[in-house]
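Structure, as structure tokens:
The values are calculated or read from the model by the stated rules, or taken from the named source; none is laboratory data. Quick caveat, the model's predicted, so the values are computed rather than measured. Note that we place each Cβ from the backbone using ideal geometry, even for glycine, and neighbour counts take in every protein chain shown.
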Amino acid sequence: TMAPTKFNFSAGPALLPKEVLLEAQKGLVDYEGTGMSVMEMSHRSANYDKVHRHCIDMIRKVLDIPTNYHVLLLAGGATYQFSAIPFNLLGDGNAVYVNTGTWSKKASTEAKRLFGERIKVVSTPTFTLPKVEDIEIPENCKYVYVCDNETVHGVEWPSAPVFGDVPLVADMSSNLFSRRLDISKYGMIYGCAQKNFGPAGLTVAIIREDLVGAAHPMCPVLMTYKTHVAKTWPAERNQDSLYNTPPTLCIWITMLVMEWIDRCGGIDGIEKMNRDKAAMLYNYIDSSPFWTTFVEGEIRSQMNVVFKCTKDDVDRAEILDFFQERGMSSLKGHKSLVGSLRASIYNAMPKEGVECLIQAMKDFEAAH
Ligand code: PLP
């Protein structure tokens, strides 16, 4: 039998702060003396309304979101947005998709399936990012699409690639809430919850208000962003996403995670912890001839560290067993990157988890 997991390095669904899980456990059966679980409450009730509004308020506070952006709490994974984005934003124009790995490729494939030639795809060699000035923007370009952090390939944009006035749409499924953002540089940001801030089933979308409302006439009603905008907007900016039943339990847990981020020193506190953890791990890998990364320079992901053993005769399964014996799980890299390992070190991964991993890597190296 395997040792139980102490540190879960999964790429997602991933770990949540223990503190938050304990709080959720407490409130699961009887939420603040109401005698009900949040998951049993009507989404139109006063009790749930408080949760919903507070979740949106906290998301706005944590990321310092300007008032001309909506915060939508949407069901369905990030993949749902691969279809929703062109349906809502393409209008009568074109869009540029920057393919930098698995996830941007999936998004561009879906957009192309729906809208064909109007979707222009720019690709770069694996484990690199293109230069902004090398990307050609066509006439009537409605948006440029990027995956801000490629979860499989471990490549992250170090800052927002800005293309003049053309709105930037960014998939931040694996790095939303991991660092401070200048929201005003983006037209739309979205991310599924299950990596950095909550349970699977919720996707947070942050959309500039002028981009909402010009969806394709064939766009399904629930896929239309305008549908989710409250009638009270802009007076009540925390009342979006109540057209139908939202994923209430996921929203409550996300609210608890936002409060946890706030207690950790806000987004700057979280960013510092994340940068320290990633630097520690990359520095060790760089210093050891036994291990190597796939990605170099400032485009290295702060969230997903993709690496491998430099010795061809070492079996990956043996490395993974060695880690698991020390209570570290889910370090297998994606199947598309042969022999790779991946340490996902999202917000909730404590520094001790990274230290434990580095120690195990040192011990494994010494034993070989
Ligand atoms: N985009 C990125 C960057 C991801 O890492 C994932 C991970 O699963 C997805 C999209 C797809 O998310 P979902 O499974 O919620 O559809």
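Some values worked out for this structure:
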{"item": "Residue in the stretch 102-117 that is basic (K, R), touching a helix residue (DSSP H, G or I) at 6+ places or on another chain (Cβ under 8 Å), assigned to a helix (DSSP H, G or I) and surrounded by 14 or more Cβ atoms within 10 Å (Cβ to Cβ) present", "result": "yes"}
{"item": "Count - residues of the stretch 171-201 that are away from the ligand (no atom under 11 Å from the Cβ) and not in a loop (DSSP other than H, G, I, E, B)", "result": "5"}
{"item": "Boolean, Y97 is at pLDDT 95 or above, outside the structural domain of R300 (by TED's automatic domain parsing) and within 16 Å of the ligand (Cβ to nearest atom)", "result": "yes"}
{"item": "Test: residue in the stretch 244-252 that is at pLDDT 95 or above and over 21 Å from the mean Cα position of the chain (by Cα)", "result": "yes"}
{"item": "Qualifying residue in the stretch 209-217 (condition: surrounded by fewer than 16 Cβ atoms within 10 Å (Cβ to Cβ) and within 16 Å of the ligand (Cβ to nearest atom))", "result": "no"}
{"item": "Some residue of the stretch 336-358 being surrounded by fewer than 20 Cβ atoms within 10 Å (Cβ to Cβ), basic (K, R) and in a loop (DSSP other than H, G, I, E, B)", "result": "no"}
{"item": "Residue within the stretch 261-272 that is within 20 Å of the chain's Cα centre (by Cα), more than 15 Å from V62 (Cβ to Cβ) and touching a residue at least 24 places away in the same chain (Cβ under 8 Å) present", "result": "no"}
{"item": "In the stretch 148-159, the residues that are within 16 Å of the ligand (Cβ to nearest atom) and either small (G, A, S) or not assigned by TED's automatic domain parsing to the domain that holds D134 (or both)", "result": "G154"}
{"item": "Verdict on S83 being touching a residue at least 60 places away in the same chain (Cβ under 8 Å), assigned to a helix (DSSP H, G or I) and surrounded by fewer than 21 Cβ atoms within 10 Å (Cβ to Cβ)", "result": "yes"}
{"item": "Subset of the stretch 59-80 that is in a helix (DSSP H, G or I) and touching a Leu at 6+ places or on another chain (Cβ under 9 Å) - its residue that is nearest to the ligand (Cβ to nearest atom)", "result": "Y80"}
{"item": "Answer residue from the stretch 91-101, given it is over 23 Å from the mean Cα position of the chain (by Cα) and assigned to a loop (DSSP other than H, G, I, E, B) and is surrounded by the fewest Cβ atoms within 10 Å (Cβ to Cβ) among those", "result": "D92"}
{"item": "Single residue of the stretch 127-147 satisfying the filter (touching a residue at least 40 places away in the same chain (Cβ under 8 Å) and within 30 Å of L341 (Cβ to Cβ)) that is farthest from the ligand (Cβ to nearest atom)", "result": "T128"}
